[in-house]
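Written out below as structure tokens is the structure these notes cover.
The numbers here are math on the coordinates, done by the rules we state, and not lab data. Here the structure is a predicted model, which means the values were calculated and not measured. No Cβ is skipped: glycine too gets one built from the backbone with ideal geometry, and neighbour counts run over all protein chains shown.
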Amino acid sequence: MCPKGDSNSYTARRSPLKRVRLPIPPFGHLRNLKKLFYLNNHYTPICIVMTKERLSRFIPDISEKLSDDGDLIKILDHLGGVLPKSLYNVQTIGMSENAHPIKAIILGSGNYKVSILSGSHSDEPVGYETCLVFLKILLSHEQFKGWLSQFTFVILPDINPDGRLKNELWRKVWPDWKAYVKHAFREPPGRDLEFGYPDMRLENKLLSQFYKKHAPFHLHLNLHGMGFSEGGLLLIDRRHISKTKRLQEQFINAVLERSLPLHDHDRKGEKGFTYIGPGLTTTPESEPMREFFKSQNDLETAAIFHETSMAYISGLGGEPLCLVTELPLFLLTHAAYKHQPGQPYLYKSLRQKLPDIKARLMQNKPVEELLDGLQIQPIPLKTAVEIQLDILQFALEYVTMNG
Ligand SMILES: [Zn+2]
């Protein structure tokens, strides 16, 4: 089932999952890691967001169990005992359509304003975990408390509690990919919060009003994810492509050093996704999305794409760096796979087969024949959170140097 040919790849030797073939990273950084710290003459040793103090190394032991509201409330209850009132504010910005509270946590008093948003797509659980772990680390490790005088973090750990609750069936048995395929719920266009700003849904209206009060931002980190893919992927808003070379290398290194591949997908501009390199592409934009569906004569779908959170927050001023994390819940590998640059064959192949796979699983029938040797393995939750925290830290470093 796999295409033969180009073997533009090398072998990861310490894979916790399986020996896999990885695309060559674009900047050759593996040959000389030390250079990473001095690229573009941007590195300054007095910056407090230093790589040697990697946030991700302070992650407490986390189980594979996905967190819930109770876990967040426990952390928030702890805030008052650790921080002075001047450094935090927890608020409910409003209630979701099904009357669940949407919480915002504002931490710190620094000049650099940082938005961290999670839960736009209800079947992408890692961002919520990352927000919780980030709060825990900030509250329990002195070496990061200085960040609270440098940054103001505006954190929305879950903007879509209604959607999260609709995904309980597979979340409870995480990480079972078959349960995910059978029970994952995701909002269709027209209900998709990411494309609903400023006022498509009640949640969008609440967020838009809230962001207006706290803008402008220097950074908008939008924590997303994918069900299945061939590795790590980071989306960067097109205004910042050329200025973020160092961050791009840092991201690639963060993925590869955990022996994970990069998701390498050149969509040739489809739906506005501009390819930057393996593991890197631009953030989605509503106008090209609308154009894409218009070109398919699907005017109805075209009409329901509103602004993204990236466009909305950017429109509030400050030219924030907008990043979207896209790590898979389940990594796709195949013993005979020869990756071709820009072509995620395993990913595309699985997407085509998913309706049939789901139909069979719903009838409790075996699916191995359909998979044809494709391996589907969960990425450990801790690894996914580590990479998201790394991205946050690299982005903070970026804003302190460029903000
Ligand atoms: Zn998403």
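Over the alpha-carbon set of the range 321-403, divide Rg by the Kirkwood Rh and report the Rg/Rh ratio to two decimals. Before the final figure, lay out the partial values.
Details: Rg = 17.6 Å, Rh = 15.7 Å.
Value, to two decimals: 1.12.
Once you have a ≥ b ≥ c as the square roots of the Cα gyration tensor eigenvalues for the chain, tell me rounded if a/c is under 1.5, and otherwise prolate or oblate according to whether a/b is larger than b/c.
rounded
In nm, to one decimal, how far is the Met401 label point from the Glu291 one, both placed 7 Å along Cα→Cβ?
The two pseudo-label positions are separated by 3.2 nm.
Return the long-range amide H neighbours of Leu233 (sequence gap of 5 or more, or a different chain), with a cut-off of under 5 Å between placed amide H atoms.
Result for Leu233 returns His263, Glu326, Leu327.
For the range 101-177, state which trypsin sites (Lys or Arg not before Pro) are in a DSSP loop and have at most 13 other beta carbons lying within 10 Å of their beta carbon. Before the final figure, lay out the partial values.
On the way: sites: Lys103, Lys113, Lys136, Lys145, Arg164, Lys166, Arg171, Lys172; in loops: Lys172.
Sites meeting the loop and neighbour criteria: Lys172.
List every residue whose amide H lies under 5 Å from the amide H of Gly94, counting only residues 5 or more places away in sequence or on a different chain, with H placed 1.01 Å from N in the peptide plane.
The list, which skips near neighbours in sequence, is Ile102.
Given points 7 Å out from each Cα along the Cα-Cβ axis, report the Arg186 to Glu369 separation in nanometres with one decimal.
2.7
Classify the range 117-164 as rounded, prolate or oblate, taking a ≥ b ≥ c as the square roots of the eigenvalues of its Cα gyration tensor: rounded when a/c is under 1.5, otherwise prolate if a/b is larger than b/c and oblate if not.
prolate
Using 0.36 nm times the number of residues separating Glu319 and Asp69, minus their current alpha carbon distance, what extension gain do you get?
86.7 nm
What length, rounded to one decimal in nm, is gained on full extension from Gln343 through to His141, with 0.36 nm per residue of separation minus their alpha-carbon distance? Write down the numbers at each step before the final one.
On the way: separation 202, 0.36 × 202 = 72.72 nm, distance 4.22 nm.
Contour length minus the Cα-Cα distance gives 68.5 nm.
At 0.36 nm per residue, and after removing the present C-alpha to C-alpha distance, how many nm does the segment from Asn98 to Ser86 gain when stretched out fully?
Working: separation 12, 0.36 × 12 = 4.32 nm, distance 3.24 nm.
The Asn98-Ser86 span can extend by a further 1.1 nm.
With θ set to phi - 60°, apply the Karplus curve 6.51 cos²θ - 1.76 cosθ + 1.60 along the range 301-307 and write out the HN-Hα couplings as whole Hz, x wherever there is a Gly or Pro.
Those phi angles translate into 5, 4, 6, 9, 8, 9, 6 Hz.
Please report the spacing between the Cα centers of the range 237-285 and the range 323-362 in Å, no decimals.
The distance from the Cα centre of the range 237-285 to that of the range 323-362 comes to 18 Å.
Hey, quick one: spin label on Ala303, modelled 7 Å out along Cα-Cβ, who in the range 178-198 has an amide N within reach, i.e. under 15 Å?
Residues 190-191 fall inside that zone.
Return the sequence-ordered ³J(HN,Hα) values of the range 166-183 in whole Hz as given by the Karplus equation 6.51 cos²θ - 1.76 cosθ + 1.60 applied to θ = phi - 60°, using x for Gly and Pro.
6, 9, 4, 4, 8, 4, 5, 10, 3, x, 9, 5, 5, 5, 4, 4, 6, 10
Taking H placed 1.01 Å from N in the peptide plane, check which residues at least 5 places from Leu331 or on another chain put their amide H under 5 Å from its amide H.
Residues meeting the criterion, in which the H sits 1.01 Å from N, are Gln377, Ile379.
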